[in-house]
Amino acid sequence: MQAQDFCRDVDECATGEAKCEEGTYCENILASYQCVKKLKKQCPNGFMKVHGRCLDKNECRTNNPCQPIIEQCVNTVGSYKCVRTGGKNCPKGYRYDGSGCTDKNECIENKNICNGIGERCINILGSYQCACKYGFRAHPITKQCEDVDECSGKRRRCAHKCFNTIGGYQCACNTGFILHRNKVTCNDVNECNRPDACKNNEYCVNSKGTFVCLPKECPKHYQLMGQGTCVRVCSDGQDCTDLPYLIRTFVRARSKAFMLRLPISIDVRKISSATGFVDFTFKQGNEKNLFKIRKLGKARMMITSTKPNFTHMDPFSVKLVVLGVIHRNQKVPVKFEYHLMLNFY
Ligand SMILES: [Ca+2]
Ligand SMILES: [Ca+2]
Ligand SMILES: [Ca+2]
């Protein structure tokens, strides 16, 4: 027999014969068709939209929400049920609890089940797993948990010093600093808050990682002009023209990578700009050749480190004395001194 011998239903929706209004869709039925109103609203939970209609979702087929082995998923209209499979003979890793099988929590039942160093137990359905605790990592071959050395990694964990511990690490600070509550960064100790930090004839200047006691008085032939600045005063008959015209003291703290631009005092600049060049040399404190002077223009300079591994050195303090000589045409050169109390932390 051949197909054309039978009366066949015509799919009016497919042929285009059917005319449905907007907001409706065409549904083919035997010997006719119907226009079904499209649902605009979302379907309620447990239903899904199929050709504009809300149909029950079969949760058991899509992703089984029930516990495998011990439960069976039963689909219902708009929902599903997890039915515990009966029988007292539970598979390995499960136990009968009176009404069905239930997972054994091996981690609670046997506290020592994962007892290797750095191991922790994770309960899973029908079994358990031993994983590494935080701060430990599984060895690629032996799979045993090993301490992670947080201090040797690329990431810098601590502001100053890092000490590895089994299962963790601890930060510590350089001298003159105290560990912040966050256990990572370091705060400077203000030693000047201590009443006995300096003597009576000294004032205290706090600096990162240290502090400096500076005399309140200037040396002979000098007068104090503000904190840390001594200006030469030569009274009649005194031969002190060879002494530096100005002695200024700076207290600076630097993390190791540093460049130090010095603010040259206005008085010195007045002299130098009117005349010519300033020569800068180290008078004291650069015996190890750790520093170099870079001239910036006529009367400015910058101090930088000479060693590329400067940042790896232990913290240290140094007093650098920089001598500046201003050469003047046919006149006696003018000298001045910068006393730099530097702390590298
Ligand atoms: Ca288990
Ligand atoms: Ca560690
Ligand atoms: Ca300090």
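For the criterion of being over 15 Å from Leu246 (Cα atoms), at pLDDT below 90 and among the β-branched types (Val, Ile, Thr), Thr304 passes. Quick check on my filter: what residues within region 222-247 are touching a strand residue (DSSP E or B) at 6+ places or on another chain (Cβ under 9 Å), exposed (fewer than 15 other Cβ atoms within 10 Å of the Cβ) and farther than 24 Å from Asp188 by Cα? The answer is Gln223, Leu224, Val233, Cys240, Thr241, Asp242.
Quick grid of which residues meet (1) part of a strand (DSSP E or B); (2) in contact with a helix residue (DSSP H, G or I) (Cβ under 9 Å, 6 or more places away or on another chain); (3) within 16 Å of ligand 2 (Cβ to nearest atom); (4) in the same structural domain as Lys319 (by TED's automatic domain parsing):
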residue: Asn174; (1), (2), (3), (4): no, no, no, no
residue: Asn182; (1), (2), (3), (4): no, no, no, no
residue: Cys204; (1), (2), (3), (4): yes, yes, no, yes
residue: Val212; (1), (2), (3), (4): yes, no, no, yes
residue: Cys218; (1), (2), (3), (4): no, no, no, yes
residue: Gly226; (1), (2), (3), (4): no, no, no, yes
residue: Gln238; (1), (2), (3), (4): no, no, no, yes
residue: Asp242; (1), (2), (3), (4): no, no, no, yes
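Kindly indicate whether Asn174 is closer than 30 Å to Phe316 by Cα, in contact (Cβ under 8 Å) with a residue 60 or more places away in the chain, more than 16 Å from ligand 1 (Cβ to nearest atom) and in contact with a strand residue (DSSP E or B) (Cβ under 8 Å, 6 or more places away or on another chain). Considered against the rule, which asks whether it is closer than 30 Å to Phe316 by Cα, in contact (Cβ under 8 Å) with a residue 60 or more places away in the chain, more than 16 Å from ligand 1 (Cβ to nearest atom) and in contact with a strand residue (DSSP E or B) (Cβ under 8 Å, 6 or more places away or on another chain), Asn174 comes out as yes. Candidates in region 111-169 are the residues that are of a type in the set (S, T, N, Q) and assigned to a loop (DSSP other than H, G, I, E, B); of these, the one that is surrounded by the fewest Cβ atoms within 10 Å (Cβ to Cβ) is Asn112. The criterion of at least 1 residues that are touching a residue at least 60 places away in the same chain (Cβ under 8 Å) and within 16 Å of ligand 2 (Cβ to nearest atom) is met by none of the strands (runs of 3 or more DSSP E) wholly inside region 53-104. Candidates are the residues of region 170-182 that are surrounded by 15 or more Cβ atoms within 10 Å (Cβ to Cβ) and not aromatic (Phe, Trp, Tyr); the one that is nearest to ligand 3 (Cβ to nearest atom) is Gly176.
The values are calculated or read from the model by the stated rules, or taken from the named source; none is laboratory data. Just so you know, these numbers come straight off a predicted model, no measurement behind them. Please note: Cβ atoms are built from the backbone with ideal geometry, for glycine as well, and neighbour counts cover all protein chains shown.
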